[in-house]
Amino acid sequence: MEKLYEGKAKIVYSYEEPDKVVIHFKDETTAFNAQKRDLLEGKGILNNRISSIIFELLNRNGIPTHFIRQLSDREMLAYHTRIIPVEVVVRNLATGSIMKRLGIPERTEFNPSLIEFYLKNDALGDPIICYEHVIAMNLATDEDIREIKEISLKVNSLLRNFLKDKGISLIDFKLEFGKTSSGKIMVADEISPDTCRFWDLKTEERMDKDRFRLDLGDTTKFYKEVLKRIEG
Ligand code: UDP
């Protein structure tokens, strides 16, 4: 297998069928545009499993995702896509960057859920952008954006309901989209505690990467708890 791409938390390898790739989940964890980094033993295994369960849920419900199947502890098989360089964030409750940027108090509810776009560019620190930037910079077409917004809101409602039954509140999350060579848009990357904010429904205990970002400790212990709840 040829290494096609290595990111902060994953490696993408070619596969015997050129329309598919193997995604390998690493234990490396970064935050604040990689200024903070650590190795969290077993995190890659947890994120691969959690992502696989969530992608299976989405696939079952007719949402196009790149996920085909889990191959091993750390690997999943996915469709080969060209990643659209726009990170899509969906927010249900305010926390994180939006509090600082716009002075919105924590826990403010967004109803309808809020969708934001960020330019996927580490050198620029992933700046927030709007629809007009996406069009002006030729990052995606108007039709792509319509589809991306519709899919993002569907993912939100499906995942929110699924997690609520498991005692987890979906605060916000980030999605990435890819396009296949035939032009089909699908949810790509991963959906895990690294890319979502999960709070315990009752206690509001953080069960996601904020444990690492905010030095709350026991990061993988809480990722394990997320897995236990969504497996059951
Ligand atoms: N997020 C992500 N990758 C990024 C930035 C954000 O997965 O590069 C996720 C993050 O985990 C959270 C949501 O997107 O679930 C919103 O993050 P926010 O804008 O509040 O940024 P942060 O506080 O992480 O800087």
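Cβ-Cβ distances below 7 Å connect the following pairs, each with a first residue in the range 29-40 that is away from the ligand (no atom under 11 Å from the Cβ), a second residue that is acidic (D, E) and modelled with pLDDT of 95 or more, and a separation of six or more residues or different chains: T29/D38; R37/E28; L39/D27; L39/E28; L40/D27. The combined condition, being in contact (Cβ under 8 Å) with a residue 12 or more places away in the chain, more than 11 Å from the ligand (Cβ to nearest atom), among the aliphatic types (A, V, I, L, M) and crowded, with 18+ Cβ neighbours inside 10 Å, is fulfilled by A78.
Of the residues making up the range 116-164, just one is within 16 Å of the ligand (Cβ to nearest atom), hydroxyl-bearing (S, T, Y) and closer than 30 Å to G232 by Cβ, namely S152. Can you tell me which residue in the range 179-209 is farthest from the ligand (Cβ to nearest atom), limited to those that are surrounded by fewer than 21 Cβ atoms within 10 Å (Cβ to Cβ), charged (D, E, K, R) and in contact (Cβ under 8 Å) with a residue 40 or more places away in the chain? Within the range 179-209, the match that is farthest from the ligand (Cβ to nearest atom) is K184. All conditions in (1) farther than 28 Å from Y131 by Cα; (2) within 16 Å of the ligand (Cβ to nearest atom); (3) in contact with a strand residue (DSSP E or B) (Cβ under 9 Å, 6 or more places away or on another chain) hold for R229, with the sole exception of (2). Regarding the range 54-63, can at least one residue be identified that is part of a loop (DSSP other than H, G, I, E, B), within 21 Å of M186 (Cα to Cα), within 16 Å of the ligand (Cβ to nearest atom) and aliphatic (A, V, I, L, M)? No, that holds for no residue.
The criterion of being of a type in the set (S, T, N, Q), surrounded by fewer than 16 Cβ atoms within 10 Å (Cβ to Cβ) and at positive phi does not hold for N61.
Taking each residue of the range 89-112 that is modelled with pLDDT under 95 and looking for partners that are within 13 Å of the ligand (Cβ to nearest atom) with beta-carbon atoms closer than 8 Å, six or more apart or interchain, yields nothing. Listed conditions (1) over 16 Å from I63 (Cβ atoms); (2) touching a Leu at 6+ places or on another chain (Cβ under 9 Å) are all met by L158, apart from (1).
Residues of the range 94-110 that are more than 9 Å from the ligand (Cβ to nearest atom), under 21 Å from the mean Cα position of the chain (by Cα), not acidic (D, E) and not in a loop (DSSP other than H, G, I, E, B): F110 alone. Could you list all residues from the range 9-43 that are assigned to a strand (DSSP E or B) and of a type in the set (S, T, N, Q)? Residues satisfying the conditions are S14, T29, T30.
Just one of V155, V187, V134 is part of a strand (DSSP E or B), touching a helix residue (DSSP H, G or I) at 6+ places or on another chain (Cβ under 7 Å) and of a type in the set (V, I, T); which is it?
Values: V155 fails: part of a strand (DSSP E or B); V134 fails: part of a strand (DSSP E or B).
Step by step, each of V155, V187, V134 is checked, and only V187 is part of a strand (DSSP E or B), touching a helix residue (DSSP H, G or I) at 6+ places or on another chain (Cβ under 7 Å) and of a type in the set (V, I, T).
Based on what the data block shows, is I191 of a type outside the set (G, A, S) and touching a Cys at 6+ places or on another chain (Cβ under 9 Å)?
On the way: of a type outside the set (G, A, S): yes; touching a Cys at 6+ places or on another chain (Cβ under 9 Å): no.
Here the answer is no, as I191 does not meet what is asked.
Selection within the range 5-22: residues that are in contact (Cβ under 8 Å) with a residue 24 or more places away in the chain and under 26 Å from D218 (Cβ atoms). The member of this set that is farthest from the ligand (Cβ to nearest atom) is K10.
The values are calculated or read from the model by the stated rules, or taken from the named source; none is laboratory data. Given the structure is predicted, the values throughout are model-derived calculations rather than measurements. Neighbour counts run over all protein chains shown; Cβ positions are idealised from the backbone, glycine included.
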